[in-house]
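Report on the structure given below.
The values are calculated or read from the model by the stated rules, or taken from the named source; none is laboratory data. As the structure is a prediction and not an experimental result, all values here were calculated from the model. Note that we place each Cβ from the backbone using ideal geometry, even for glycine, and neighbour counts take in every protein chain shown. When the accessible area is computed, the model is the full protein with side chains, heavy atoms only, and any ligands, DNA or RNA have been set aside. Shrake-Rupley method; radii C 1.70, N 1.55, O 1.52, S 1.80 Å.
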Amino acid sequence: MIGETLELTVVAVDDIAPSLRHVRLAAADGGQLPPAAAGANIQLRLQGEARTWRNAYSLISQPGRRDEYEIIVRRVPESRGGSAFVHEVLKPGDRLVASWPGNLFAPQRTARHHLMIAGGIGITPFLSYVADFAHNGTSHALHVCCRESETGTFAPWLQACGDLNYYWDADGHRLDIPALLAQQPAGTHLYVCGPAALNDEVIQAAADAGWPASHVHCEHFGAALSGGTPFTAFLSRSGIEVEVGESESLLEAIERIGATAPCLCRGGACGVCVTGVLEGEPEHRDHYLGAAEREGGQLIMPCVSRARSARLVLDL
Amino acid sequence: MSLVFKPEETFRGDYTYRNSDAAILRFPFPFPEDRYMYSVNIEPHVRSGPTDAFCRPFDIDEHYIAECRDRALTLEQDPGRCQVLPHMMTAQWDTLELLMENMAADYPEQFSLTKEGDVFGSRWTWINRPLGIEQQFIFGDPDTLPCEPFEYITRQAQGDFAICDQREDNLYLDAGMITSQADWSLEFNVGMNFMEWHGPVPLAHQAGVFERALKYLLMLRLGQPVRRLNWTMSINPRLDTSPESYPAWGPDRASVTVENAGGKVHLRVELQTLWRLPRSNAILFPIRCFLISIEELARVPKWGKRLHRVLSSLPPELAEYKGLTRYLPATLAWLAPLDDGAELATGTGPDITELAPV
Ligand code: HEM
Ligand code: FES
């Protein structure tokens, strides 16, 4: 089980609500996919005509399933981005490249009770949570804030949910967050995933009620994903200029043109790749350089870090 | 690589463990340079490396059967060497799946795994020919195995295993099968976090090694395992050098002389790998221990010379922590005549393909 990218085929697309598309994906070679945990996501490379999007989606398939991955993509209104591509262009039989599953929102295995609060499409990570908890017999409850008309949309994935509650914007149907939090047994972990306003409200209410931060979890995509704005690196010693693309690291770009750069961990920890910066402003993403070295701006770890300026001149 | 096992070897009592020429040449020698200091020496665990020992996700060698038997003996005397906290059941199955899949893929003559499905509830059949085991079980149902899944599979694997649960931006040592450790106790460490269990290590905390290593591990990705080497020394080829069994091996440190050091003093290298587990999101930490007497090691001239240099310049804090202080002088005296002082190539490979006959 070693690899970085997966070749996938679209098995089926299916609109489960006017703005929600359910997509089923299988390994393009007909083989098995890596198993994934509750809360995992995959990043899809969506190849549009003019540009490529890299969007991360929660896997809603049963955790550990290896024949298919399922995702649900909400069409972002007014957007011409990746979600529009999935809704308008993607069709069965299409090939896609994806990352291996990642997970920044795994359930806490030591919790005695799992309390999940979802807002809208933020329900997606909880669909796999529910399957996991039901299988392991773990105590859990899901509270979903959505439109009244959408309360049935996710029913197929929630059959096993032990304690399911819906809320919508009408008198008598709104979620009273402080009241809900006040009822929880000791050892409860709270998870929230939804629009920023809901996330903030829940986190604040938990803090106000004295919940330890270690028991409150919020899904945030993106932190683990490398890549960013393209920039140019000039290797002053060898006199070579390298274009660093949005989806590759500076180190990968240097290696791609055949220049050698020292490296070991490729994750910003070991310090082996440290390189002098002669011009330009680095965007530090490593765990190696200290605060003073970062401020100094004269060193960079090319395995993870990028540039704030359009161009970096490296002592390489 | 064809595997010829040496099932009669022992790691206690008469200590008949020895390495074949092939095993010597594939040894994971840990010193790329003439000096050693702790660092975040982590690199991707890819299917290549300076010797053959690095080239498979889970290495199996000629000592497999004998090591499994030694583990069984240790567990018989002290069942507490395998401990799993209750919230780690999913991680147990992850470990079983990862090991069975890789062992069957890399050593098809020795192991096979047949599955009727992938998800929990599927019927699987595991065959381990070297140990004469055929087991049908339901993946996900512990009652269908003779013991819990982590113990079941790690009794059939070389090396120790720890599983770390990830929470609160830290790692917790919440499961372990630890029968060949370099003098640390699972009983004492179980449930501790990364900084706590590394507490006794000298110099590395101050150098920021553990802080950086932890941040890196928290981001470890599924499908992208990493590895590092750790090393110490042992007197006699003994796997079980635990605090619990100290009376059985500690006193041997006083028995080393310049004359007997070559056969008695062993370099003990741990090829440690780190794997994000798929269903539990925990991290599996296999610690594959390789033992080699300095006499065997010195048959690779580069390694004998380099070991001499590393040991002569080892910071005293490290020598003390690793428990070498007492027999270091005799070991150095044994190695010194082999070291002509010539410059050595950097890197850990043996730089030869055949050993001169003894
Ligand atoms: C996450 C899995 C890991 C586990 C379970 C683990 C466990 C341990 C334990 C139990 C010890 C012995 C401490 C004692 O004396 O009581 C130790 C030592 C040590 N560990 Fe780790 N460790 C892990 C990862 C790492 C990593 C990633 C590094 C990278 C720098 C590291 C570096 C060290 C060092 C340098 C020592 C001292 C070893 C010696 O000098 O013999 N460990 N580790
Ligand atoms: S390669 Fe380790 S910090 Fe860059």
- [ ] Quantify how strongly other chains surround peptide A:100-106 by giving the mean number of their Cβ atoms within 10 Å of each of its Cβ atoms.
- [x] 5
Open item on the list: Among A:ALA155, A:GLY82, A:ALA26, which residue has its Cα furthest toward the positive end of the charge dipole of chain A, with +1 on Lys/Arg Cβ and -1 on Asp/Glu Cβ?
Closed with: A:ALA26
TODO: Let me know the shape class of the stretch A:113-219, please: from the alpha-carbon gyration tensor, a ≥ b ≥ c as square roots of the eigenvalues, rounded when a/c is under 1.5, otherwise prolate if a/b is greater than b/c, or oblate.
DONE: oblate
Task: Heavy-atom accessible surface that A and B bury in contact, both chains counted, 1.4 Å, Å² to 100 - done: 3100 Å²
Open item on the list: Please list A:TYR69, B:TYR172 from largest to smallest accessible area, probe radius 1.4 Å, with all protein chains kept in place.
Closed with: B:TYR172, A:TYR69
Open item on the list: With every protein chain left in place and a probe of 1.4 Å, what is the accessible surface of A:GLU148, to the nearest 10 Å²?
Closed with: 110 Å²
Task: Kirkwood hydrodynamic radius of the stretch B:149-205, from inverse mean 1/r over distinct Cα pairs, in Å - done: 12.4 Å
TODO: Measure off, as a whole percent, the carbon and sulfur share of the 1.4 Å-probe accessible area of the stretch A:5-99, all protein chains present.
DONE: 45 percent
Open item on the list: To the nearest 20 Debye, how big is the dipole of the protein assembly as shown about its Cα centre, given +1 on the beta carbon of each Lys and Arg and -1 on that of each Asp and Glu?
Closed with: 580 debye
Task: Longest site-free stretch - chain B; sites: GluC sites (Glu not before Pro), DSSP loop, at most 15 other Cβ within 10 Å - done: B:169-258
Open item on the list: Contact order normalised by length for chain B, with contacts defined as Cα pairs under 8 Å and 6 or more residues apart; what percent is it?
Closed with: 21 percent
Task: Rg to Rh quotient for chain A, alpha carbon positions, Kirkwood Rh - done: 1.02
Open item on the list: For peptide B:212-222, what's the mean number of Cβ atoms from other chains within 10 Å of each residue's Cβ?
Closed with: 6
Open item on the list: Helix B:89-106 against the longest principal axis of chain B: what's the angle in degrees, Cα atoms only, rounded to the nearest 10?
Closed with: 70 degrees
Open item on the list: From Cα pairs below 8 angstrom and at least 6 apart in sequence, can you work out the relative contact order of chain A, rounded to a whole percent?
Closed with: 13 percent
Open item on the list: I need the peptides A:285-298, B:297-310 ranked by packing, meaning the mean over residues of other C-beta atoms within 10 angstrom, with the highest value on top.
Closed with: B:297-310, A:285-298
Task: Whole-Å distance, taken between Cα centres, linking the stretch B:81-119 and the stretch B:253-326 - done: 29 Å
TODO: Relative to the longest principal axis of the C-alpha atoms of chain A, give the angle of the C-alpha long axis of helix A:124-136, reported between 0 and 90° and rounded to the nearest 10°.
DONE: 70 degrees
- [ ] Heads up, I need the accessible area for B:MET89: 1.4 angstrom probe, whole protein in place, Å², nearest 10.
- [x] 50 Å²
- [ ] Would you mind calculating the relative contact order of the stretch B:180-307 from Cα pairs under 8 angstrom and at least 6 residues apart, reporting the percent as a whole number?
- [x] 26 percent
Task: Positive-pole candidate from B:GLY191, A:GLY268, B:VAL84, dipole of the protein assembly as shown, charges at beta carbon - done: A:GLY268
- [ ] Report, in degrees rounded to the nearest 10, the 0 to 90 angle that the Cα long axis of helix B:301-312 makes with the longest principal axis of chain B.
- [x] 80 degrees
Task: Shape category assigned to the stretch A:1-133 from the gyration tensor of Cα positions, a/c cut at 1.5 - done: oblate
TODO: Would you mind estimating how fast the stretch A:231-314 diffuses translationally, via Stokes-Einstein at 10 °C and 1.306 mPa s with the Kirkwood radius over Cα pairs, in µm²/s?
DONE: 128 µm²/s
Open item on the list: Please report the spacing between the Cα centers of the stretch B:161-218 and the stretch A:86-114 in Å, no decimals.
Closed with: 30 Å
Open item on the list: Counting pairwise Cα distances across chain B, what percent come out greater than 25 angstrom?
Closed with: 54 percent
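Given a 1.4 Å probe, how much area per residue of the protein assembly as shown is accessible, in Å²?
Counting only protein heavy atoms, the per-residue value for the protein assembly as shown is 41 Å².
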Open item on the list: If you filter the stretch B:22-113 for trypsin sites (Lys or Arg not before Pro), then keep DSSP loop positions with at most 15 other Cβ within 10 Å, what is left?
Closed with: B:ARG35, B:ARG47
Open item on the list: Quick check: with the 1.4 Å probe, what order do B:ASP21, A:ASP208 take by accessible area, largest first?
Closed with: A:ASP208, B:ASP21
- [ ] Could you check how many percent of all C-alpha pairs in the protein assembly as shown are farther apart than 34 Å?
- [x] 51 percent
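State the percentage of accessible surface on chain B attributable to carbon and sulfur atoms; use a 1.4 Å probe and exclude ligands, DNA and RNA. Before the final figure, lay out the partial values.
On the way: 7340 of 13670 Å².
C and S atoms contribute 54 percent here.
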